[in-house]
Amino acid sequence: MADLLTDPRLHIRLIDAFYVEAMVLADEARSYFDEGGRAEREALSPMDRVAFSCESLKVTTRLMHVIAWLLTQRAVIAGELTPAQAQDSARRLGTAPVSEEAIVSTLPEQARAMVAGSIDLHRRVERLDAAQVADEPMESPARSMLDRLATSF
């Protein structure tokens, strides 16, 4: 993983590939949950329709977290943000909502595929996010204290 993070060309290509994948999956999910899955959703029992709606929101949340993180990475590559700014907690990858397998298994096949695809993509991006943090040098506690003192006075 370190080679991907230290070779800028590989890093850029990886971020671009993830971005394309995330945008395609987001478009497919939007199309399915808004339009294509309507007949499948209506055929479900009332409780399963609620589960269907909840899972569609979870898919969307996972994908939006991934896309936001990827846009941050693209901003770093473009020089619009520093790597340190990208490590701010507000710019880190958001936590993925949990989907219960028992609930997902009751959904139509395409809905299950959307859930699985969003979980898989989020997990892969999560590993990259964690690797970036692991490669960051630890901030000196003394430097941090001096910085806080300097901004206080």
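Values quoted throughout were computed directly from the atomic coordinates according to the rules given, and no laboratory measurement underlies them. Keep in mind it's a predicted model, so treat the numbers as computed, not measured. Cβ atoms come from the backbone with ideal geometry, glycine included; neighbour counts cover every protein chain shown.
In table form, for the structure just shown:
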quantity	calculated
Anisotropy class of the range 29-75 from Cα gyration tensor, a/c 1.5 cut	oblate
Y32, Y19 arranged by Cβ crowding within 10 Å, fewest neighbours leading	Y19, Y32
The range 31-138: translational diffusion in µm²/s, Stokes-Einstein, Kirkwood Rh over Cα pairs, 10 °C, 1.306 mPa s	103 µm²/s
